[in-house]
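**Student:** Sharing a structure with you now.
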Amino acid sequence: MARCLLGLREEQGMARAFSSLIVFACSAVVLSGCATQRETHAPDVVKGSSESDMAAGFLIKNMRVEDQVRAYVVYVPPAYTPDKAWPLVVFLHGIGERGDDGLFQTEVGIGRAIRRHPERFPCLVLMPQCPKTCLWHRAMNGVEIAMAQTREEYAIDPARIYLTGLSMGGFATWQYGATRLDTFAALMPICGGGHIEDAQKLATVPIWAFHGADDSTVSPKKSREMVQAIKQAGGDIQYTEYPDTGHNSWDKAYDDPAAIAWLLKQRKAQASGE
């Protein structure tokens, strides 16, 4: 699985763009042992009523990335059953949620929306966490491993796998998504930016992008440029620009039932590699 899928210039640019952000503090979750399948539960997990019931809620899981054991979260809806194939949303958080606790990335963005409106998310949601020492393009091998483990553990529909992310994760959604068009049925980047030269490839996948008109951290120009380039390439893309949100356009985007419903309706005509 490839490392450094996104360019070094994005790391430098993102570091400058986010130099003024406050990195939120959180309590660490101590990870003991080295087994890649060990599982603990976030405080708000909903457990089954008997040992035969499948656990649901925000589940913390472990994976081995090179020589380290790292944690990630999978949200499993209460109605989940392995008797049918389910959609999977992969969520990439922003720079403020980096760390090694494995849980903080569920507090901002899609995790917050799930807690507020779980009925809108009849899907599994994978929430990996980027280490504090790097940006997403240096951590995509961990995303790949978490995706592979999730697809092995749960009944996932290969035609209904989606990628979304905010801020730093919005950049990664544009850029990593362009490299994995064989996997993702749709992209939902929020307040990020991508490579204009990827427009021809991105024109082959449905996209709904979001940004704040008054975002002073990541200029909405970055989304506008991508949207225009993809439209010129004949792509299927929607764009929503919110007034008066500043950098936080993700709360409105993930709280929009139409946006989530749109995402979960998208389907690849033929899933590759299955």
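**Student:** Let me know the shape class of the stretch 60-114, please: from the alpha-carbon gyration tensor, a ≥ b ≥ c as square roots of the eigenvalues, rounded when a/c is under 1.5, otherwise prolate if a/b is greater than b/c, or oblate.
**Tutor:** Verdict is oblate for the stretch 60-114.
**Student:** Using the Karplus curve 6.51 cos²θ - 1.76 cosθ + 1.60 with θ = phi - 60°, work out ³J(HN,Hα) for each residue of the stretch 260-268 in order, rounded to whole Hz, and write x for Gly and Pro.
**Tutor:** Couplings: 5, 4, 4, 4, 6, 7, 6, 8, 6 Hz.
**Student:** Could you tell me how far the Cα centroid of the stretch 120-172 sits from the Cα centroid of the stretch 55-102, in Å?
**Tutor:** Value for the Cα centre distance between the two parts: 8 Å.
**Student:** When only DSSP loop residues count, what trypsin sites (Lys or Arg not before Pro) in the stretch 130-228 have their Cβ near at most 15 other Cβ atoms within 10 Å?
**Tutor:** Those satisfying the criteria are K132.
Every read-out reported here was derived from the displayed coordinates using simple, explicitly stated rules and does not represent laboratory data. Since we're looking at a predicted model, the values are computed, not measured. Note that each Cβ is placed from the backbone with ideal geometry, even for glycine, and that neighbours are counted across all protein chains shown.
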